[in-house]
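Okay, so here's the structure we're looking at.
Every number in this text was worked out from the coordinates using simple rules, so none of it is lab data. Bear in mind that the values here come from a model prediction, so they are computed numbers and not experimental data. All Cβ positions, even for glycine, are placed from backbone atoms using ideal geometry, and neighbour counts span all protein chains on display.
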Ligand code: MN
């Protein structure tokens, strides 16, 4: 089995190499990741600048590694279309330092990378630990191995996109594992203004998020010390609004036609 590993924390992030080391035990591992931190760039691609890739000395022996001057999405596409000698069987993004919950999946570079793997037809997994310091990798690593084995054994479908968040706890401190839906954890952006001597500049800062704890959501699961596994797809259509607008749409058409 061949596994492509990437992330949005950059090529030298510890979580990336922890994942490479663990998966190396069962698979041929390729690491292709951004050359610097790209958290928050979502699934964006560099379409207006050239993208460069350089081979790097792997931190785990026997792994082929490249750093990419671009986004996580760029790294995935470059890896699959150009850099890797052979076809890979799955993609893992992470292990991210920090949670990716609820609406975060729309701006997360970790999930963005997994989304590009999914678009390319690969079973793709985004892995995060819900903390920023003193990370405990054991649980997400074991889970990553287990899922890779299940993909290899065809116990999971190839059309697979999972967003996994692990509380930063030892295995025996966990209360369980929940298959969840996306919940709500909303940030208030704050714009801080400064002056560099020539011009104004702005920093977009994110204050502490507000948590909505609905049972069965990813937000609820990690708050209750459970691993959250959210199956995703790329359809973000709102069924409620669609039903509401279906009625209104006919009226709009008549207004457009001047009747
Ligand atoms: Mn990140």
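Based only on Cα atoms, what Rg/Rh ratio does the range 31-73 have, Rh being taken as Kirkwood's radius? Mind dumping the intermediate values first?
On the way: Rg = 11.3 Å, Rh = 11.2 Å.
Radius of gyration relative to Kirkwood radius: 1.01.
Work out, step by step, the length gained on full extension between residue 203 and residue 244: first 0.36 nm times the residue separation, then minus their alpha carbon distance; give nm to one decimal.
Details: separation 41, 0.36 × 41 = 14.76 nm, distance 3.80 nm.
Taking residue 203 through residue 244 to full extension adds about 11.0 nm, to one decimal.
Which of the three applies to the range 1-132, rounded, prolate or oblate, going by the alpha-carbon gyration tensor with a ≥ b ≥ c and a/c under 1.5 meaning rounded?
rounded
Can you tell me the 0 to 90 degree angle between the C-alpha axis of helix 239-256 and the longest principal axis of the chain, rounded to 10?
50
Would you mind telling me which residue in 54, 124, 43 has the biggest mean-square fluctuation in a Gaussian network model of the chain, where springs connect alpha carbons within a distance under 10 angstrom?
54
Can you tell me the Rg and the Dmax, both Å, for the Cα atoms in the range 71-151?
Here Rg and the maximum Cα pair distance are 13.0, 36 Å.
Would you mind calculating the gained length between residue 134 and residue 195 on full extension (0.36 nm times residue separation, minus the Cα-Cα distance), in nm to one decimal? Write down the numbers at each step before the final one.
Values: separation 61, 0.36 × 61 = 21.96 nm, distance 3.51 nm.
Length gained, residue 134 through residue 195: 18.4 nm.
Between helix 109-119 and the chain, what is the angle of the helix's C-alpha long axis to the longest principal axis, kept within 0 to 90° and rounded to the nearest 10?
Helix 109-119 sits roughly 90 degrees off the main axis of the chain.
Can you compute the helix-only [θ] at 222 nm over the chain? Use -39500 (n - 2.57) per DSSP H run of at least 4 residues, normalise by all residues, nearest 500 deg cm²/dmol. Mind dumping the intermediate values first?
Numbers: 6 runs with 67 residues, N = 259.
Taking each H run of at least 4 residues, the total per residue is -8000 deg cm²/dmol.
For an R0 of 51 angstrom, estimate the FRET efficiency from the Cβ-Cβ distance between residue 237 and residue 12 and round to the nearest 0.05.
On the way: r = 39 Å, r/R0 = 0.76.
Plugging the Cβ-Cβ distance into 1/(1 + (r/R0)^6) gives 0.85.
Give me the angle, in degrees from 0 to 90, between the Cα long axis of helix 138-152 and the longest principal axis of the Cα atoms of the chain, rounded to the nearest 10.
Around 90 degrees separate the two axes.
With only alpha-carbon atoms counted, please give the Rg and Dmax of the chain, in Å.
Taking only Cα atoms of the chain, I get Rg and Dmax of 20.1, 71 Å.
In vacuo Debye scattering of the range 13-52, one point per C-alpha: log10 I(q)/I(0) at q = 0.25, 0.34 Å⁻¹?
Here the Debye-derived log intensity ratios amount to -0.95, -1.21.
Build a GNM of the chain with springs between Cα atoms under 10 Å: which of 220, 17, 203 gets the top mean-square fluctuation?
Evaluated over the chain, the most mobile residue of the options is 203.
Express as a percent, rounded to the nearest 5, the fraction of DSSP beta bridges in the range 158-259 (both residues included) that run antiparallel. Kindly include the intermediate steps, with their values, before the conclusion.
Numbers: 14 of 19 bridges.
In the range 158-259, approximately 75 percent of DSSP beta bridges are antiparallel ones.
Calculate log10 I(q)/I(0) of the range 55-189 for q = 0.10, 0.20, 0.21 Å⁻¹, where I(q) comes from the Debye formula with a single equal point scatterer on each Cα and nothing for solvent.
Debye output, listed in q order: -0.35, -1.39, -1.48.
Among DSSP beta bridges whose residues both lie in the chain, state the antiparallel percentage, nearest 5.
On the way: 17 of 46 bridges.
Antiparallel bridges make up about 35 percent of those DSSP assigns within the chain.
What is the antiparallel percent of DSSP beta bridges lying wholly in the range 15-100, to the nearest 5? Mind showing how you got there, number by number?
On the way: 3 of 8 bridges.
The antiparallel fraction comes to roughly 40 percent.
Looking at the square roots a ≥ b ≥ c of the eigenvalues of the Cα gyration tensor of the range 160-202, which shape do they give, rounded for a/c under 1.5, prolate if a/b is larger than b/c, or oblate?
It is prolate, given that a/c is not under 1.5 and a/b is the larger ratio.
Distances longer than 18 Å among the Cα atoms of the range 121-259: what percent of all pairs is that?
Details: 6748 of 9591 pairs.
Of all Cα-Cα pairs in the range 121-259, 70 percent lie more than 18 Å apart.
Along the Cα→Cβ direction, 7 angstrom out, place labels at residue 145 and residue 159. What is the inter-label distance in nm?
So the label points at residue 145 and residue 159 sit 3.2 nm apart.
Rounded if a/c is under 1.5, else prolate if a/b beats b/c, else oblate: with a ≥ b ≥ c from the C-alpha gyration tensor eigenvalues square-rooted, which is the range 187-259?
Numbers: a/c = 3.48, a/b = 1.20, b/c = 2.89.
Verdict is oblate for the range 187-259.
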